[in-house]
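Right, one structure below, let's go through it.
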Amino acid sequence: MKKVVSYMLSLILLVTFVLPAAATGTGNAKPVLFVNGQRMMADITPAVDKTGVYVPYKAVFGALGYTASYDAKAKMHILKRASTTIKFTVGGKSAIVNGQKKVLTLSPKLIGSTVYIPLIFMTETIKMPTVDDKVNNIVQIGKAAVVDHFFQLNFGLTPDQVKKLEKNKLSEAGKDGDGNDNLTYYDVTLPNGTRGSISYGFKNGKLNDVMFMFDNYSSDFDAALAAYKQDKVYLDKVYNKGSEANDVVWYSEEDVQTQHAEEFSKYDYDLLATSLTNGDLNLEATYKSTSFSVSINLTNLNSDEEDDPYYMHTISYVKN
């Protein structure tokens, strides 16, 4: 059975997409940082304490095109870009922007050997919007990216960049029939807290698609369905304004569908359980965003063996 499932999984990865991303769960993990829609490298993370969220100033302003310098005599940190100059001190209650004093709600501080600024510093000095998304454990500065608690990368990353961002140990690296790279991480803790696999697919050396595979309830239909529904409700909220997207997709002939409908006319649960287990239908929903599409799927990979099902649900992200 395991060999059959392993073979089927390989077909899914190679035929359905070469798929794919990655993210970290919430909990005690440090928030993921985005600047103008681009995820920062894994070693550039916000710091959170009881007073608020702080970000490393050089990395953040560097991503915005500023150069940083330090006046040792005045103990002043200086940021410059085009016609904008920002000056501040660690522990200071104000910053100077183009000669104008800006009162700060929170002071910059030194954490280890790195100077951090409070997130609100961005708004108070250069009026740049910020988002502290505690639900998805994400901090965004500037133009916001469309991200959720599963997908927290950017399309266009190289395989080496993904490896640096991915905290799990790489299980398998290979190429598809067109010579494109793919990276797979088996048996890792996924963003919803369960165990499963993550796969990244690349096209012309750039991240093109991402898939999460959840199979820890592979023999338990009720548990697999509950996990699928929980993730679908979340995706409905993020990508469909909370409306329930249609997700029943039949793969059988109409006479089989009619037979099932008549047999289970008063029992929707039995209709769903029997039809999905037999491979007559899958639960599938797809959401479209400006730059990528998101799909969620629940299927029985071993539908030819009714007494030995292998339920798996997947969430996939594909660049448009």
Inter-label distance, nm, simple model (7 Å from Cα along the C-beta direction), LYS73/ALA261: 8.5
For the chain, with the dipole built from +1 on Lys and Arg beta-carbon atoms and -1 on Asp and Glu ones, taken about the Cα centre, which of TYR200, ASN240, GLY92 lies farthest toward the positive end? GLY92
For an R0 of 25 angstrom, estimate the FRET efficiency from the Cβ-Cβ distance between VAL233 and THR189 and round to the nearest 0.05. 0.75
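Using a Förster radius of 30 Å, what is the FRET efficiency between LYS167 and GLU306 based on their Cβ-Cβ separation? Nearest 0.05, please. If you can, show how the numbers build up before the last one.
Details: r = 39 Å, r/R0 = 1.30.
Using R0 = 30 Å, I get an efficiency of 0.15.
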Using Cα centres only, tell me the gap between region 64-92 and region 208-237 in whole Å. 47
How far is it, in nm, from the label point at VAL90 to the one at LYS241 when both lie 7 Å from their Cα along the line to the Cβ? 4.9
Output the relative contact order of region 115-161, whole-number percent, from Cα pairs under 8 angstrom with separation of 6+ residues. 21
How far apart, in nanometres, would the label points at THR51 and VAL135 be if each is projected 7 angstrom from Cα along the Cα-to-Cβ direction? 3.0
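Using the Cα centre as the reference, give the magnitude of the dipole from point charges on the C-beta atoms of the chain (Lys, Arg: +1; Asp, Glu: -1; all else neutral), rounded to the nearest 20 debye.
3760
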I'd like the chymotrypsin sites (Phe, Trp or Tyr not before Pro) in region 186-250 restricted to DSSP loop residues with at most 11 other Cβ atoms within 10 Å, sorted by number. none
Per residue accessible area in Å² of the chain, where ligands, DNA and RNA are left out and the probe is 1.4 Å: 52
Relative packing of peptides 115-123, 304-312 - highest average C-beta neighbours within 10 Å first: 115-123, 304-312
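Express the Stokes-Einstein translational diffusion coefficient of region 247-320 in µm² s⁻¹, to the nearest whole number, given a Kirkwood radius over alpha-carbon pairs, 10 °C and a viscosity of 1.306 mPa s.
Approximately 119 µm²/s, per Stokes-Einstein.
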Under a cut-off of 12 Å between alpha-carbon atoms, report the aspartates and glutamates in cross-link reach of LYS319, not counting same-chain residues fewer than 8 places apart. ASP209
Shape call for region 122-180, from the Cα gyration tensor axes a ≥ b ≥ c (a/c under 1.5 means rounded, otherwise prolate when a/b beats b/c, else oblate), comes out prolate
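The values are calculated or read from the model by the stated rules, or taken from the named source; none is laboratory data. It should be emphasised that the depicted structure is a prediction, and the values quoted were computed from it without experimental measurement. With ideal geometry, Cβ positions are generated from the backbone for all residues, glycine too; neighbour counts draw on all protein chains shown. Calculation scope for accessible area: heavy atoms of the full protein, side chains included, ligands and nucleic acids excluded. Shrake-Rupley method; radii C 1.70, N 1.55, O 1.52, S 1.80 Å.
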